């Protein structure tokens with residue numbers, strides 16, 4: 001089973017893409033845990049909440065992995081948690097860094113910030129999307145993780161399906 005993380009700045013179609021990939025391959029997906037956490041606990045969060053979100057995300061992935069045969073599609077990942085920590089608080093919790101060093105995902109789809117911004121009370125950074133995209137891409141490269149960029153306003157799902165079929169299935 002291959003774990004595929006779908007990452008990118010806010011409002012770049014990650015959740016839509018994750019669900020679409022899961023349906024296309026008839027495989028499970030892990031919804032964005034941070035969104036669930038903030039909806040249940042309120043949007044005013046502290047640094048300690050990011051560790052709870054990180055651990056909750058990993059637990060949700062472990063549970064969903066039991067249902068997967070070929071792929072598990074994950075809406076967000078630990079790179080996004082690392083950058084969230086750094087942007088908001090200036091550093092990252094060692095737990096996240098340790099887990100990232102273990103290469104927890106087999107492939108990444110990095111969503112470009114070329115879709116229009118959609119307002120949402122849980123979204124914080126409408127003016128940082130390009131910067132965040134660059135940070136995510138740099139993290140992927142620094143860790144040596146395999147990834148493809150998903151861009152364009154049309155046919156994002158079709159492009160992602162082709163990547164999964166060609167790049168990931170061969171690994």
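The residue of the range 12-36 that is modelled with the highest pLDDT, among those that are surrounded by fewer than 19 Cβ atoms within 10 Å (Cβ to Cβ) and closer than 21 Å to residue 83 by Cα, is 31. Per the listing 122, 110, the residue uniquely modelled with pLDDT under 95 and either part of a loop (DSSP other than H, G, I, E, B) or closer than 16 Å to residue 19 by Cα (or both) is 122.
Residues in the range 49-91 that are assigned to a loop (DSSP other than H, G, I, E, B) and surrounded by 19 or more Cβ atoms within 10 Å (Cβ to Cβ): 3 in all.
The values are calculated or read from the model by the stated rules, or taken from the named source; none is laboratory data. Since we're looking at a predicted model, the values are computed, not measured. For neighbour counting, all protein chains shown are included, and Cβ atoms are generated from backbone atoms with ideal geometry for every residue, glycine included.
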